[in-house]
Amino acid sequence: MSNDEQILLYHNYISGLGEDWEKTSNRFLSKYRMLHNLPIHKIKFVEAPRKHFQKRIWEIKSETHGKDPIFEWGDEG
């Protein structure tokens, strides 16, 4: 998926169109790292991805000992 497609996917998710994609039973975006190459610096006008996924980032860090970040650009910023 291209970076622009990941931006569109994130905007669809955050706007509510994809609210079921990250519910506890699914977690498609974080489990399968569907936003891994998301260019964080290009996200404007909506909640920052690192802030939005903060709780899930900490869960994944504890499960993987920090070796499997959600975002290619790093999970802290």
Low-density loop cleavage sites - trypsin sites (Lys or Arg not before Pro) in the chain, where at most 11 other Cβ are within 10 Å (DSSP): Lys23, Lys44, Lys67
Hz values of 3J(HN,Hα) by residue in region 46-53 - Karplus curve (6.51, -1.76, 1.60), Gly and Pro given as x: 9, 4, 4, x, 4, 5, 4, 9
Chymotrypsin sites (Phe, Trp or Tyr not before Pro) restricted to DSSP loop in region 30-72 with at most 14 other C-beta within 10 Å: Tyr32, Phe45
Charge dipole (debye, nearest 20) of region 8-76; +1 at Cβ of Lys and Arg, -1 at Cβ of Asp and Glu: 80 debye
GluC sites (Glu not before Pro) restricted to DSSP loop in the chain with at most 11 other C-beta within 10 Å: Glu47, Glu76
Mean Cα-pair separation over length for the chain, i.e. relative contact order, pairs under 8 Å, 6 or more apart, %: 29 percent
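Each reported figure results from applying straightforward, stated rules to the coordinates on display, with no laboratory input. This structure is a prediction, so every number in the text was calculated from the model and none was measured. We place every Cβ from the backbone using ideal geometry, glycine too, and count neighbours over all the protein chains shown.
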